[in-house]
Amino acid sequence: MNLLLRVCLELAALAGIGMAAFQAGEGIIGYAFAIAAVLLAAATWGVFNVPDDPSRSGKAPVRVSGPVRLAVELTILLGGSLAFYLAGHAWIALTHVALIALHYALSSDRLRWLLKQS
């Protein structure tokens, strides 16, 4: 169930990032900003990994330490929350933050594992 929550949080973060980026431009520029921002966030999420992370494929195109991976995750997830807020959806932003906190509260084993990986 927590894995489903994690996937939903990731997708919501990308949606928020896309919404805020879209609003930064007008017309075709807004679409270009949204596509570029979502692709950059998704690529960052997928590329920077801890080798042998049991919650992922275990493959790490760009190997990083556990604390760095955790920072990448939190930056994108909370960046999505901030993006919802900036796009004018404060209640979605607050709900997103609360669900992020719940997810990490339910992920204490993974958090300990990540923090031990150097």
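What follows draws every value from the coordinates through simple rules; no lab data is involved. Predicted model, so just to flag it, every value in this text is computed and none were measured. With ideal geometry, Cβ positions are generated from the backbone for all residues, glycine too; neighbour counts draw on all protein chains shown.
For the chain, rounded, prolate or oblate, judged on the Cα gyration tensor with a ≥ b ≥ c (square roots of eigenvalues), a/c < 1.5 rounded, else prolate if a/b > b/c?
Cα axes put the chain in the oblate bin.
How many angstrom separate the Cα center of segment 1-34 from the Cα center of segment 39-93?
Their Cα centres are 13 Å away from one another.
Using the Cβ atoms and a cut-off under 13 Å, what net charge is assigned to the surroundings of A41, where Lys and Arg are +1 and Asp and Glu are -1?
-2
Would you mind telling me which residue in A41, A101, A15 has the biggest mean-square fluctuation in a Gaussian network model of the chain, where springs connect alpha carbons within a distance under 10 angstrom?
Judging by the Gaussian network model, the answer is A101.
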